[in-house]
Amino acid sequence: MKHSADLLGIARPVIALSDEYPSGFVDPMHSHARTQILYACSGVMSVRTEKSTSVVPPQRAVWIPAGLMHEVSCRSSVSLRTLYIDAAMGREPQRGRVFEVSPFLRALILEVVGFKPDYDIDRREGRIVALMLEEIDRMPSVPYLVSMPTDPRLLRVCRAIVANPADGRDLDEWARIAGMGRRTFTRSFKNETGMGVAIWRQQARLVHALSLLSTGWSITTVAFEVGYDSPSAFTAMFHRAFGVPPSQFEVSAAARPATPNEFREGGAVENRVQQGATVMGGPPDSDAGPANSCLQHEGDHRGQATKPKRYPLRASGRP
């Protein structure tokens, strides 16, 4: 059995792991010494950092720079492929990003996952790894991300919107919640997020909608769930933002979709526990648990948990 703690010290440019995780897994804030790329062959993940929240639908991937604190949540059953890239290679963008995965890149990732940890970097395996990294550099980013402010007053507002995207409170009410005057609130919000409150809320609604669509919710249900008055208005805005209609992400649910609260920051942990799902560590803002446990695995002492089929993913080096 592959264990990340045993592999990440091997002097190779890329170490690849594979695993399967059930819906409801949450890995609290942690970081890695290597760059991490999470690629979901199927299923939907979300990745939260101090400055952004992103959704990673199937056949997309997220680039997480080395040292960046992040939380990973499985919003459905996820078939995961993880690449750990040596940060010393100089391929490090300053910020995380969600990017497209072409059929060619997908094939390369799946091939590299099958390599032995000590593959020969001067022969076929090494050349395939180098080609995979070049293809990753070429992949376009996709806008499945919302920026989060650092000001705790503004962050309080943003978390309330993320917890309930359909919340229809107006600008004056949000300013009151932030404890700021209207003009100061709007100016500060735009300075920190790069957009006005209305546009930010629209982006948060659409990213949340993307997650729900990818886990089996119908377009009509999603439209009302995220605060639109009609499916047609939602479809028009979704197409304008992402360049494709929401039907491109609508899927047939293989099982009962989770309730909307399961996807919201404000009640995700409680709802998952009540429904018997496994939540790792503590609340989203708690410190990360022991090293080498990116998502719960056999031998983890943080409670009885449903165990993934194969490999643990985290090797943060933290105590």
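By the Kirkwood approach, averaging reciprocal distances over each pair of separate Cα atoms, the range 149-248 gets a hydrodynamic radius of 14.1 Å. Projecting the Cα atoms of G179, P231, A163 onto the charge dipole of the range 149-248, computed from C-beta unit charges around the Cα centre, puts G179 farthest toward the positive end.
Rounded to the nearest 20 debye, the dipole size of the range 149-248 about its Cα centre is 360 debye, using +1 on the Cβ of Lys and Arg and -1 on the Cβ of Asp and Glu. Ranked by the mean number of other Cβ atoms within 10 Å per residue, highest first, peptides 41-54, 63-76 order as 63-76, 41-54. Dividing the Cα radius of gyration of the range 4-138 by 2.2 N^0.38 Å, with N the residue count, gives 0.99. Each Cα pair under 8 Å and six or more residues apart adds its separation to the average, and for the range 149-248 the resulting relative contact order is 24 percent.
Bear in mind that the values in this text are calculations on the coordinates, not laboratory data. Model, not experiment: these values are computed from the prediction. Note that we place each Cβ from the backbone using ideal geometry, even for glycine, and neighbour counts take in every protein chain shown.
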